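Taking it in order: structure first as structure tokens, then the write-up.
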Amino acid sequence: MINIGEIKKSLLSALWFMLLTFPIMVIRVNTIDHTIQWRWERLVWVGGAVFILSFAWRYLLRRRQASARQTVMDIQTRGLVSHLLQRPREIFQTPSVRRPAMGLALVFLLALPLIFSWNRTILMTNVLIYVVLGLGLNIVVGLAGLLNLGYAAFFAVGAYSYALLNHHFGLGFWTVLPIGAGLGALFGILLALPVLRLRGDYLAIVTLGFGEIIRLMLENWNDFSFGPSGIDNIAPPGLFGLSLTLQQTHTFIYYLMIALTTLTVVVVRRLENSRVGRAWVALREDEIACQAMGIDKTKAKLSAFALGSTWAGTAGVVFAAKQKFINPYSFTIWESIMILCIVVLGGMGSIPGVMIGGLIMVLLPELLKEYADYRWLLFGAILVLMMVFRPGGIISDVRKAYAFEAEEEEPHHG
Amino acid sequence: MADMAAPALEVSQVTMDFGGLRAVERVDLVVRPRETVALIGPNGAGKTTLFNCITGIYSPTQGRIQLTAADGRVMALKGLKPNQVTECGIARTFQNIRLFQNMTVLENVMIGRHCRLRSGIFSAILRTSAMRREEAQVVKESYRLLQRFGLARHVNEFAKNLPYGAQRRLEIARAMATEPSVLLLDEPAAGMNAQETQELVTMINQLKASEGLAILLIEHDMRLVMQLSDRIYVMDYGKLIARGTPQEISRDPAVIKAYLGEEEQ
Ligand SMILES: Nc1ncnc2c1ncn2[C@@H]1O[C@H](COP(=O)(O)OP(=O)(O)OP(=O)(O)O)[C@@H](O)[C@H]1O
Ligand SMILES: [Mg+2]
């Protein structure tokens, strides 16, 4: 099982890392008494950890390749049970399993505020906000294949449109909700217009820049956005003029997010299997062939950006209402990356995938609060592992299968 | 006679430069309705580049490209975007297969129908009855097309999982879904074995018979070219060096020289 070559390679990586991290890990200059402290024991730690990680990595890779070969070789000889275990998706897709499972999940979600504490409800509201954001970004990145690293900007557009309209004109939540969505779409188009010709890395860089511009503007244009101090006292959403306690408001926002998430799922599901949605996927798959098949590339890109950012705008309005206070630091590049992680981790193009991704990305840091400093390290590691071992995400994209009655086999060709 | 009919596709004096490289030089070419025309020539002669000029992927440096629809409408194609050219009635396949790999076989064909359908974002979100009717219709039509091309048993498979020959057929099916009046095939038999090539010939013959389609095809397999085409154009170094019936071309000294010259290298 253990392979000398792999041990050698792992040793080599360990040495490399020891060398590279030597200056920061080992040497410590004490500027007060002008002495240098040598922390050699740390070098041992680095070497050991890198060796073990690298070895485990190679072992897993080898196992993965072996299993890939095996599936080709003995798919028939494999027992029924293990075959079924291999296909959880197919099991889940049989209506007799799927319907009760979905029903149970829905009942659980609806009952959540009654079962769990107030804090948990707020946390779940957060999960749902990120699921909506993930589903929106999924249109742009997962379906249309346009890498967007500035998505948090559209989230900010929604949040600030509610905060500002509420602050200056006293407009209510329900009035601003569609306005926020519309402004999200408008900014989506504004970003899409200059980047129509760009693809891949270039697109990523420009969208990243766009996101930063919006954030910097919010941070520095004090007269407009109140700068880094943000906007306070944002009104909570109204419910037929009833006066709600703080706790009731949060429960209300939770149910509101359930409704919004359901709406998003329905809309995205309908879109992805429509003429427009198919055009997005075709654009992702092959831009030249897509045009040659009669799809207007410009229209497809604009509509993907517009619809994707509509959801960010909508989620932004709810976010502002929930937080009651917003400032530019909620909309940094890290926010965009976090949402992108949800999409990539869950499975690009897959709605259930994005929902699971949102759940993991929001709950995991909460569970590992003590390790908060290592959050991004952890996310990074997860993403790298996913890219290597499951590039399609937790749930990879499936396209709709159509049923046909068995008609007579094709006229020519055997 | 076919020769008397007005041309369906007319390419006149088309030139395409890439920086200093003149890939296509003053090429004239016509394809008449119901006719199959072959475009042959050594590697790098500029055949694919000419296809790209016709289909709007490149905008030719000079020249005119004109399509006459069955109802007599005349359309200038130069300067149109690729999707507009497709809407006018030209469809194509690619030399190196460009299917939508992670879409199903049926969806690939449904994409071909895209430009003949109308439903948009809002009708999709609201699932209007017009949209559902259109959707049911396109699924049915696409499935029929797959049946005709011997691909029905693969409907819900990802295009990337199809065997090579089936992928080539799917590309033609997808092109036919756009309802073209002129079909451009770029080396449809490349990489096929003898049996697959023969099936392809049968298929193209059926297309000619049933659709009244004009076909322009690039191909290196001379047996297939001789079997299928009514007329042949020969290109070398971006220029047309000969045109004529298969018999004339196989005797043409310039053509023989272009091909033999290539073999000597
Ligand atoms: N986008 C481009 N930019 C620069 N040069 C190009 C481009 N496309 C094609 N060429 C050049 O134009 C010439 C003609 O290429 P083309 O692909 O049209 O040849 P072809 O006749 O289709 O050859 P083959 O039989 O190998 O497919 C080649 O010299 C090629 O390098
Ligand atoms: Mg070519």
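The values are calculated or read from the model by the stated rules, or taken from the named source; none is laboratory data. This one's a predicted model, so the numbers in the text were calculated from it and none came from an experiment. Heads up, the Cβs are rebuilt from the backbone with ideal geometry, glycines too, and the neighbour counts pull from every protein chain shown. Just the protein is used for accessible areas: all its heavy atoms, side chains included, with ligands, DNA and RNA removed. Shrake-Rupley method; radii C 1.70, N 1.55, O 1.52, S 1.80 Å.
Would you point out the residue of the stretch B:190-225, among those that are in a loop (DSSP other than H, G, I, E, B) and within 13 Å of ligand 2 (Cβ to nearest atom), that is nearest to B:GLU171 (Cα to Cα)? Give the derivation first.
First, pick out the residues of the stretch B:190-225 that are in a loop (DSSP other than H, G, I, E, B): B:190-193, B:212-213, B:219-221.
Still in the running and within 13 Å of ligand 2 (Cβ to nearest atom): B:190, B:219-220.
Numbers: B:ALA190: 13, B:GLU219: 16, B:HIS220: 18 Å.
Selected residue: B:ALA190.
Conditions tested, residue by residue: (1) hydrophobic (A, V, I, L, M, F, W, C); (2) more than 7 Å from ligand 1 (Cβ to nearest atom).
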| site | (1), (2) |
| --- | --- |
| B:ALA8 | yes, yes |
| B:ASP17 | no, yes |
| B:VAL24 | yes, yes |
| B:ASP28 | no, yes |
| B:PRO33 | no, yes |
| B:THR36 | no, yes |
| B:ASN43 | no, no |
| B:THR48 | no, no |
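For the stretch B:182-232, the set of residues classified as under 26 Å from B:ALA6 (Cα atoms) and open to solvent by 50 Å² or more (accessible area, probe 1.4 Å) consists of B:ASN205, B:GLN206, B:ALA209, B:SER210, B:GLU211, B:MET226, B:GLN227, B:ASP230, listed by residue number.
Exactly one of these conditions fails for A:GLU366: (1) at pLDDT 80 or above; (2) surrounded by 16 or more Cβ atoms within 10 Å (Cβ to Cβ); (3) not in a loop (DSSP other than H, G, I, E, B). Give me its number. Of (1) at pLDDT 80 or above; (2) surrounded by 16 or more Cβ atoms within 10 Å (Cβ to Cβ); (3) not in a loop (DSSP other than H, G, I, E, B), only one is false for A:GLU366: (2). Checking each residue in the stretch B:31-47 for being crowded, with 21+ Cβ neighbours inside 10 Å and within 13 Å of ligand 2 (Cβ to nearest atom) picks out B:LEU39, B:ILE40, B:GLY41, B:ALA45, B:GLY46, B:LYS47.
Looking across the stretch B:76-89, the residues that are free of Cβ contacts under 8 Å to residues at least 40 places away in the same chain and either within 16 Å of ligand 1 (Cβ to nearest atom) or on the phi > 0 side of the Ramachandran plot (or both) come down to B:GLY79, B:PRO82. Could you please find all residues in the stretch A:274-317 being open to solvent by less than 20 Å² (accessible area, probe 1.4 Å), farther than 21 Å from A:ILE351 by Cα and either in contact with a helix residue (DSSP H, G or I) (Cβ under 7 Å, 6 or more places away or on another chain) or more than 7 Å from chain B (Cβ to nearest Cβ) (or both)? The answer is A:CYS290, A:ALA292, A:MET293, A:GLY294, A:ILE295, A:VAL317.
Residues of the stretch B:80-112 that are under 29 Å from A:LEU263 (Cβ atoms) and assigned to a helix (DSSP H, G or I): B:LEU106, B:GLU107, B:MET110, B:ILE111. Looking only at the stretch B:6-30, which residues are outside any loop (DSSP other than H, G, I, E, B), aliphatic (A, V, I, L, M) and crowded, with 17+ Cβ neighbours inside 10 Å? Scanning the stretch B:6-30 gives B:LEU9, B:VAL11, B:VAL14, B:MET16, B:ALA23, B:VAL24, B:VAL27, B:LEU29, B:VAL30. Tallying residues that are over 18 Å from B:GLU219 (Cα atoms) and open to solvent by 20 Å² or more (accessible area, probe 1.4 Å) within the stretch B:48-68 yields 9.
Checked against the criteria, B:ILE232 counts as within 17 Å of the chain's Cα centre (by Cα), farther than 28 Å from B:LEU145 by Cβ and either of a type outside the set (S, T, N, Q) or not in a helix (DSSP H, G or I) (or both).
Just one of B:ARG92, B:ARG64, B:ARG73 is away from ligand 1 (no atom under 12 Å from the Cβ) and within 14 Å of chain A (Cβ to nearest Cβ); which is it? Step through it out loud before you land on a result.
On the way: B:ARG64 fails: within 14 Å of chain A (Cβ to nearest Cβ); B:ARG73 fails: within 14 Å of chain A (Cβ to nearest Cβ).
Unique residue meeting the criteria: B:ARG92.
Please verify whether the stretch B:159-170 includes one or more residues that are buried (at least 20 other Cβ atoms within 10 Å of the Cβ), within 26 Å of B:GLU248 (Cβ to Cβ) and away from ligand 2 (no atom under 16 Å from the Cβ). So far as the stretch B:159-170 goes, no, none of its residues is buried (at least 20 other Cβ atoms within 10 Å of the Cβ), within 26 Å of B:GLU248 (Cβ to Cβ) and away from ligand 2 (no atom under 16 Å from the Cβ). The residues in the stretch B:103-136 that are surrounded by fewer than 21 Cβ atoms within 10 Å (Cβ to Cβ) and touching a strand residue (DSSP E or B) at 6+ places or on another chain (Cβ under 9 Å) can be counted, and the count is 0.
For the stretch A:244-267, the count of residues that are aromatic (Phe, Trp, Tyr), surrounded by 13 or more Cβ atoms within 10 Å (Cβ to Cβ) and touching a strand residue (DSSP E or B) at 6+ places or on another chain (Cβ under 9 Å) is at least one. The residues of the stretch B:142-155 that are on the phi < 0 side of the Ramachandran plot and either touching a Pro at 6+ places or on another chain (Cβ under 8 Å) or open to solvent by less than 60 Å² (accessible area, probe 1.4 Å) (or both), listed by number, are B:SER142, B:TYR143, B:LEU145, B:LEU146, B:GLN147, B:ARG148, B:PHE149, B:LEU151, B:ALA152, B:HIS154, B:VAL155. So, B:VAL234, is that one in contact with an Asp or Glu (Cβ under 9 Å, 6 or more places away or on another chain) and either without any contact (Cβ under 8 Å) to a residue 40 or more places away in the chain or within 13 Å of ligand 1 (Cβ to nearest atom) (or both) or not? So B:VAL234 passes the test.
For the stretch B:149-167, a tally of residues being in contact with a strand residue (DSSP E or B) (Cβ under 9 Å, 6 or more places away or on another chain) and facing chain A (nearest Cβ under 10 Å) returns 5. Checked against the criterion of being crowded, with 24+ Cβ neighbours inside 10 Å and within 11 Å of another protein chain (Cβ to nearest Cβ), the stretch A:321-344 contains not a single residue that satisfies it.
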